[in-house]
Amino acid sequence: MSAFDTDIDVEVEELLVAANVPTDAAAGKTGAWRSERPVIDFEVCIECGQCFTFCPDDVIDHDLDIELDYCKGCGVCANVCPVDAIEMVAERSF
């Protein structure tokens, strides 16, 4: 058995779906921790998918809906956006 062999029987599609669905973790809904939230300007957005690809918490879906209950406001999505369509806005503005 090599280092890359496993005895896990899981389909790739199952892993992809599971990786893109935020769930209650041990900490619960973590959106309340955030001081800033991402706001997408859909007039500027080119729907390249960089934001949902690189979101470390998988809170942005393919329709660019953001699950704010779990978004921690890290700003990765805004930093990877090639057209600056995502602005991090202070929570107190909402």
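The values are calculated or read from the model by the stated rules, or taken from the named source; none is laboratory data. Not measured: the values here are computed from a predicted model. Methodologically, a virtual Cβ is constructed for each residue, glycine included, from the backbone with ideal geometry; neighbour enumeration extends over all protein chains shown.
Values as computed for the structure displayed
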{"read-out": "Selection count where residues are among the charged types (D, E, K, R) and under 20 Å from residue 47 (Cα atoms), scope region 61-94", "value": "6"}
{"read-out": "Residues located in region 41-77, provided they are within 10 Å of the chain's Cα centre (by Cα) and among the acidic types (Asp, Glu)", "value": "57, 58, 61, 65, 67"}
{"read-out": "Any hit, region 66-74, residues being surrounded by fewer than 11 Cβ atoms within 10 Å (Cβ to Cβ) and either of a type in the set (Gly, Ala, Ser) or modelled with pLDDT under 60 (or both)", "value": "no"}
{"read-out": "Complete set of residues in region 41-67 that are in contact with a Leu (Cβ under 8 Å, 6 or more places away or on another chain), in a loop (DSSP other than H, G, I, E, B) and within 18 Å of residue 83 (Cα to Cα)", "value": "42, 45, 47"}
{"read-out": "Answer residue from region 77-94, given it is under 19 Å from residue 29 (Cβ atoms) and among the hydrophobic types (A, V, I, L, M, F, W, C) and is surrounded by the most Cβ atoms within 10 Å (Cβ to Cβ) among those", "value": "77"}
{"read-out": "Residues satisfying the stated conditions in region 47-94, i.e. of a type in the set (Ser, Thr, Tyr) and touching a helix residue (DSSP H, G or I) at 6+ places or on another chain (Cβ under 9 Å)", "value": "53, 70"}
{"read-out": "Odd one out for residue 15, checked against (1) assigned to a strand (DSSP E or B); (2) modelled with pLDDT under 95", "value": "(1)"}
{"read-out": "Cβ-Cβ under 7 Å pairs, at least 6 apart or on other chains, region 70-94 side touching a residue at least 40 places away in the same chain (Cβ under 8 Å) and farther than 14 Å from residue 53 by Cα, far side polar (S, T, N, Q) and in a loop (DSSP other than H, G, I, E, B)", "value": "70/30; 72/30; 73/35; 90/35; 91/35"}
